[in-house]
Structure formats: C-alpha cells, structure tokens
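Comments concern the structure below.
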Amino acid sequence: MSSNPGPASLPHRTVSSIRAGAPGPPQTPARPISSTFGSPSSSSRVDDDPIVIELGSRKLRLGFAGDAAPKRIGAFGPEQQRRTGDFRAYEPDFSSQWRGRASGKPWGADHELWQLDIRGQDLGLVEDKLERELRDALFRFLLVDSRPRKVTLVLPPTLPIPLLSSIFNTLFHRFQAPSISLLSSPVMAAFAAGTRSALVVDLGWHETTVTAVYEYHEVQTWRTIRAGKLLVEETYELLLQTVRGQPITASTERTEDKLLDESLSFEECEEAATRVLWCKGAARQPHRKTTEEGLATVHEHEEEVEAIPPTEDHSPMAITLNSCKPPKTVEIPFSQLAEPCEATFFETRLSLSCFDDHELPVHHLVYRALLQLPLDVRAICMSRIIFTGGCSHILGLRSRIFDEVSNQVEEQGWDPVRGKGAEQAKTNLKLHRDNARQANQNGAIPIVIQPDTANDNGEAIEPPMKASETPQQVDLVENLIKKERNYKPTVQGVLRAVDTLGPWCGGSLATQMKIPALATIDREIWLQQGVNGASRPSEVDIKTGQRQSMGPSGLIRGQAAQPNNWTLGVWGSLF
C-alpha cells in the first residue's frame, strides 16, 4: 500500500526576513554615537551657552549665559603684561623698584584698561591687553574655544566710539565671534534687581554716573568725577601726611611728584582704600516711614556694653607701608580713616556754588537727577534707587548717600527754584494778596451761589458735594479678586533703596531668556563696513524687518526687504 508523499517543506523564514524581503549578506548594524562621549559638531553649538562679558576700565567679568556668577573676574594690572620667561617678579628687590617702572606715565596708569580721555591713548595696547585677558579666561577658567560662540557685551553707555571699535576688532578678528550683542550696564543692573524702572547710581572708577531707567529705557544720565580714582588719591594724601608726621587735614593741593622716596605705590594705596576706609553717617538722620506690612522690629540692647560712636573712636590702626623708603608702620586713628571718603564723595566744607557741573558731590547729583525727571518717572525711580560699582562696597557709603538725599527732600522738597528771593516770595503775604487782586481784575467776578440747607419742612439737609471730592465706593468683588491673586499696589512716591545682583548677572539672565539686545552686530557686516557703516538709531525702520509672514514666500520677501542698516544703540546716538 503506497502512501502519497506530502508537500515539500518550505524553508524557515524569520520575521526580519519577511519584512526585509529576500535575505541579503550579513551587515554590521549602524551604532549611534552617544553625544555624551562623542564630540558634537560646531554648528550645533553655535546658539548654546553664549559667553557674557562685562567690561570695565579696571576689571573684566566673563562667564556662560544662565550662570548665577561669572567664572572669571580678571583685573588689568602690570603683572598681566609679563612675557613668558620673565622671572623678574621673583627678584628680592623687585617690589622696591616700582618707581622705575611707573616713571614716564601717570600714577596708576598700568592698572587701567582705558581712559575716558582717549587723546594720545594707544588703542593697539588696549586691544592687546584685552586679548590676553580674554584668552587666559577662556582657556584656563571656561575651558572652551570661543570661535563658534556668540558674545554678549555688557558695557557702560558712556564708552567712546574708538574704544568700542577696538573691542569689536579684538573679538571679531582675534576670536572669530559670529555676532556681538550689546547691553547697557544700568539697564542690566535694574533687570538683575527685578525692576523695570530704577535710578542706578554707578560708583565706578573714573566717574560716578546716575542713570534714570524707565521701562528698560535710559531716560537721562548725569556724571561726576567723584569716584574710585579720586578716592585712591585722597588715600594717598592721607598716608603721605602720616608718613611725614604732619597733622591729618583735608587736602586742598595734591602732590604732583609721586615718585619720591617717601612716596607710596599705587598697589598699597588701593589696598588701604579697599580694606580700612569707611564712611561717616549723616549729621541728621531723616524721618523713617514705617511700613504697614509685618510686625515692628524689636531691637535688643545690651546694658553692660556701651558702644562708642565710630566718629569718637580714636583707637590707633596700624598700617604697614613697604613701598616708601625706608619701610614704615604708621598708626592712624580709626575716626580719621573716614576723611578720604568724606572729601571724595561729599565735600561738606564747601558750598554748592563752589562746584562745577562735572564735580558735584554725589548726594547733590542724585537729588538734582530726581528733580529734573518728569513727575511720573520720578515717582517710580525714587522708590527704586540702586547702588552698584566697586566703590559701593565701602562700609556705610550707600546708607550715607541715601540719608543725605532724604534730608534734602525733607528740607527743600521738589521745587527747582530756590534761594533767598524764592523764600521771600513764598512768605510775602502782600505779594500773594496783590496776585489775587490782579486775578480778580483780569477775569470775571466769581458768583457764589449758596445752596439751600433746609427743605420745605424746615429740616436741615447736607449741601451737595463736588464729584471730585466724593469718596470712591468700595468694590467688594474687586477687593476679593485682589486678595485671591495676592495683589500688591506699586510702590512709588517714597524714597527706597533696592539691592541688585549686578550688571553681569542681569546680562546673563537676559541672554539666557533670549531677550533682544539693544544692538546686534554680525561679523561679516563688521568686516565689510566697520564702525563707519553704523547708522543712527533714528534712521532705521525697525518694523520693516518685522512685516513678514511665516510662509516660504513671506519669508523670502522679508529677507529681501530687510535693510542692511545696523546701529550701535545708545553708543552710536552721538556718532
């Protein structure tokens, strides 16, 4: 009995062979490279972590956008100008030879990157100093290459155009930055304080600037030369009088020759000004307005210990001076260490009429700045006074300036007209009577109609009240909504100081949030046109580049219609 053979067995097919069709030769599957261990391309890192740089005449702050603090705070000094293999700093008599290195140039010029008076200044040396400090910061502290990264510059608005051009040449030519965004230091200080409007008092090195910022726009800027450089010179005069054994008095004439045997180096005077100086309090404390929120502060007093006022503390403070010949250790009373700060920022010995506009004391400059502002801007800015800059760290200086401004507001008010004639005009009753009589003669005689105070029944009724004097009715629904949303009214009309994290932190936060800068300069445009290609801000139509749709044709039209004009923001307004 024969059996029918079954069908031929089909070859075994896997799921992968079914999906891929006919089986092919074996291949090594592609293995994706993890970005953690692989080197990313330069194109993918262009917009990641831009570098934020804050430039000043003495220091440089540098770090990544989004960081809370800069990675590097570098100072421009003589030790930065040393070449490779220069070991003269380790010689025993190197510190005593500072007079030979400082001869032929102004006292302390080696510690500055630039001067505001650029006449006769070597801008090539400024570019070399800046390049060396940037390379050292990038390679030693940031550990990155700056070529594929964008740069955000936080600069003071008083920077001259030639210095700004030198900074751009250094970043574009020597570091190949694709673009540079410009941010203003006062605006970033207000931004770091969490306010949209403020009165920023920058106690810098060359000058003190008072800038009114309203809704992130600079309204006006006032300046004075009473700043850190003048403070170091006053410290030099104080220490020199102590070395000579002379009584410590307010200096009227400054010593021109600072390279004598008894002279002191810039480094020691700056260290003394940074570490031991302090500021006196105001002669009269202003009236403090207590806030309604919260509980009153309870001050604890120790009955056993009686505190001595700082102005009456004559305990000697020993300061070692090694730069004079021979080296000495001088003792200065603690109360006398406040004289340089008093003579630099306040100068209470002279009347206000003795000063020019560029050398006003700081508290008079702040009060004049508030007085010249419009009423609505003043009401907002006076409640948000921000102190920044290197000299703002001097003990007691910020509170002294604030108290002096408060005293002026209480005494003089907000009337810009003052003097003996103005006071007599305010107190002259005859003059007020004549003015009222003249107003009645020129205009119609007012007719006053007395309303009826009784009705028909003889009952007294209240006279009608003006609409402007009618008290506003309480809206219970609106109050309930404000209470649920934790609404707080805007603080304005009272003097108040606000702390800030600094311009660099404000620039870091603004760059991380991709807030548009005041001006953005591309490398290609700068290499083609230079600083002469910049236009004034009023000549550029900003909305022209914004009128475009998101479609392909609209994007092409927007790129074709986009003007080639570019500006330098507030730095090019006077260019």
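The values are calculated or read from the model by the stated rules, or taken from the named source; none is laboratory data. Note that the structure is predicted; figures quoted are calculated from it, not measured. Neighbour counts are summed over all protein chains in view; Cβ atoms, including those assigned to glycine, are modelled from backbone coordinates with ideal geometry. Side chains are part of the model used for accessible areas, which takes the heavy atoms of the whole protein and leaves out ligands, DNA and RNA. Shrake-Rupley method; radii C 1.70, N 1.55, O 1.52, S 1.80 Å.
For the range 463-524, trypsin sites (Lys or Arg not before Pro) meeting the loop criterion (DSSP other than H, G, I, E, B) and having at most 10 other Cβ atoms within 10 Å: K466, R485, K514.
You can think of it this way: the chain between L116 and A425 has 106.8 nm of extra reach, that is 0.36 nm per residue less the Cα-Cα gap. Counting 0.36 nm for each residue step from L143 to Q246 and taking away their Cα separation leaves a gain of 31.8 nm.
A 1.4 Å probe, protein heavy atoms only, puts the accessible area of F175 near 10 Å². Using 0.36 nm per residue and subtracting the Cα-Cα separation, the extra length available between T520 and A68 on full extension is 160.4 nm. For the pair E267 and K105, label points projected 7 Å from Cα toward Cβ lie 1.5 nm apart. Ordering S165, S263 by accessible surface, largest first, gives S165, S263; the 1.4 Å probe counts only protein heavy atoms, with every chain in place. Solvent exposure of T311, expressed as accessible area, is near 70 Å², computed with a probe of 1.4 Å over the protein chains only.
Taking every protein chain into account, the 1.4 Å probe leaves I225 with about 80 Å² of accessible area, to the nearest ten.
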